[in-house]
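Comments concern the structure below.
The values are calculated or read from the model by the stated rules, or taken from the named source; none is laboratory data. Every value quoted in this text rests on a predicted model; they were computed, and no experiment measured them. For neighbour counting, all protein chains shown are included, and Cβ atoms are generated from backbone atoms with ideal geometry for every residue, glycine included.
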Amino acid sequence: MNISKRNHFNPCFWTAYWNRDFYAAATTSKKRPYARDQRVFSLNVKANKVIKHAVEDVHFDKHLGVAEITPHDLKAFCKRNFPDKYDSVCRELDADPETVYLDFEPVLSTLENTPAYQVLHEVIPKQRIDTQLERAFVASFIYIHMLRGHAILNSLVQLAELGERPKFELFWAMKNALGDPQFLGEQVMPFYEAEWVLHRSDSDDFALCDSPVLGGGDLGFVALSPHLLLQFDLSKKCSDDGTLSAIPVTPDIQSEFRKRTIGNTFREIISSNEQLLEAWQQTPEFQRRHQMLADENQYNKLVAQNAEGELWKINALGYGHRNDE
């Protein structure tokens, strides 16, 4: 079995849009170039430097999606979730007490091929949402990708380290919950019904961080491309037929988006616009974030604090959510 060495928070097919040549080709009739080779500018929050990287070299952690499964942990898991199979599993494990590993990367790859992610290829070029079905796919993307960001995936690791559950159990819960259409529909519906605004910019103003679903109360943002920003307000209901066209972004929205992007960054912020990142680098909010994350101990504390704030999303997955088939 080949274990994935890298787990990307943002898929390369999407981050490639932050390369100007790729964006130009992808938003016209031209064939999209190979995504993983596309180079973008990256503002590293720890190093406090703007560097050019291929998209396969940004927004990832090594071995984050690999979970050890020891015989002891597997027995305990089976006893809690599948008690009718516990005795037979124990006999098998006693006969062959081998530690195995769960690789979560195939689950992420499968998600990327669903309409929830593939809809980005439709919405980004036209800068609008034309049907209620497209809106449903984008709403699914928001929810699923919120769980995939640095904040959530590292929260899983924190929970495992705290002894709450072995890491593989948390991945199992996520996989089963996201595979349950009824459960997923319940989680996605608030985003689908929320009031949305699409903001567009002729310049590539919308940079992308490693946890790009920018929450904080009912109002949230997610950059769909360097030129397209989705704003959603969970406290308000959609009053239209679900279709949506982009409007020019205002300076106030740009400022709020910048602050939230910096505040949600743990690794790096990418852009096709080097000057934009250099300007962001000089802001007080970025320098504060750099100081917080430059020290490894502070970084770990911040991840732990963020984990506590994200636990409700893990719990929303119905930890212990079972597929009894």
Where Lys30 falls short, out of the listed (1) touching a Phe, Trp or Tyr at 6+ places or on another chain (Cβ under 9 Å); (2) in the same structural domain as Gly149 (by TED's automatic domain parsing); (3) among the basic types (Lys, Arg): (1)
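Go over the candidates Thr99, Thr131 one by one and state the one that is of a type outside the set (Asp, Glu), touching a Gly at 6+ places or on another chain (Cβ under 8 Å), surrounded by fewer than 17 Cβ atoms within 10 Å (Cβ to Cβ) and touching a residue at least 12 places away in the same chain (Cβ under 8 Å).
Working: Thr99 fails: touching a Gly at 6+ places or on another chain (Cβ under 8 Å).
Step by step, each of Thr99, Thr131 is checked, and only Thr131 is of a type outside the set (Asp, Glu), touching a Gly at 6+ places or on another chain (Cβ under 8 Å), surrounded by fewer than 17 Cβ atoms within 10 Å (Cβ to Cβ) and touching a residue at least 12 places away in the same chain (Cβ under 8 Å).
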Any hit, the stretch 227-234, residues being modelled with pLDDT under 95, more than 18 Å from the chain's Cα centre (by Cα) and of a type outside the set (Asp, Glu): yes
Scan of the stretch 113-134 for residues that are in contact with a helix residue (DSSP H, G or I) (Cβ under 7 Å, 6 or more places away or on another chain) and either more than 13 Å from Thr27 (Cβ to Cβ) or of a type in the set (Ser, Thr, Tyr) (or both), ordered by number: Pro115, Ala116, Tyr117, Val119, Ile129, Glu134
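Being charged (D, E, K, R) and either in a helix (DSSP H, G or I) or outside the structural domain of Asn154 (by TED's automatic domain parsing) (or both): is that true of Glu186 here?
The answer is yes for Glu186.
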Tally, over the stretch 234-266, of residues that are farther than 18 Å from Arg200 by Cβ and not in a helix (DSSP H, G or I): 11
Failed item, numbered, when Pro97 is tested on (1) over 28 Å from Ala194 (Cα atoms); (2) in the same structural domain as Asp240 (by TED's automatic domain parsing); (3) modelled with pLDDT under 90: (2)
